[in-house]
Amino acid sequence: MMVTEIVPVPRQEKGRWMIGGLAGILACALAMPLHARDLNQQYKIQGLGLDTCASFLNVPIDKRGLYYSWLAGYLTAYNYLVRDTYSIAEYSGLTRTNEWLEEYCGEHPGNMLHQAARQFVTERYRIRLKQKPGREDMLRFQERIPREPAQNRSR
């Protein structure tokens, strides 16, 4: 039986290993293509993206949260992976994105949800936010949102 002695690594050496590891991870990340697909330009769709629009529309509105969350995750990943994109949904909130999905699926019941998500980003790419908006931009946008009539507002 052989006994091995545990030798502590000097603090300086730990730092070098960590910096080297982070540099390696960064190099790999920078080498990745923006649109990760295989040589035949295909990629694997997972989860609710495989459901059809008809399946989505057959779910009661109050039970569609998983579908909306799937789309929000898709758009978040798009924002993260695509250069010069802060938000593909521009200033649209989740409510407007969800309404878009319902309208799209109503017009294309045979399409899959991943096709709907790709169509959304195709339509919005030109008007995407390329950087985080400033406070003034957000206030200007909020002024354009139609308000409820005063008598319907809760107090």
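The values are calculated or read from the model by the stated rules, or taken from the named source; none is laboratory data. Bear in mind the structure is a predicted one, so any value in this text is a computation, not a measurement. Cβ coordinates were reconstructed from backbone atoms using ideal geometry, including for glycine residues, and neighbour counts include every protein chain displayed.
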Residue pairs meeting the criteria (Cβ under 9 Å; at least 6 apart or on separate chains; first closer than 14 Å to TYR67 by Cα, in the stretch 102-120; second modelled with pLDDT of 95 or more and of a type in the set (Gly, Ala, Ser)) | TYR104/ALA116; CYS105/ALA54; CYS105/ALA116; LEU113/SER55
Residue that is modelled with the highest pLDDT, among those in the stretch 48-99 that are among the acidic types (Asp, Glu) and more than 21 Å from GLY110 (Cα to Cα) = ASP62
Could you tell me which residue of the stretch 60-85 is nearest to GLY134 (Cα to Cα), considering only residues that are of a type in the set (Phe, Trp, Tyr) and either crowded, with 18+ Cβ neighbours inside 10 Å or within 10 Å of the chain's Cα centre (by Cα) (or both)?
-> TYR80
Which of the residues belonging to the stretch 100-145 are part of a loop (DSSP other than H, G, I, E, B) and either at pLDDT 50 or above or surrounded by 10 or more Cβ atoms within 10 Å (Cβ to Cβ) (or both)?
-> HIS108, PRO109, GLY110, ASN111, ARG128, LYS130, GLN131, LYS132, PRO133, GLY134
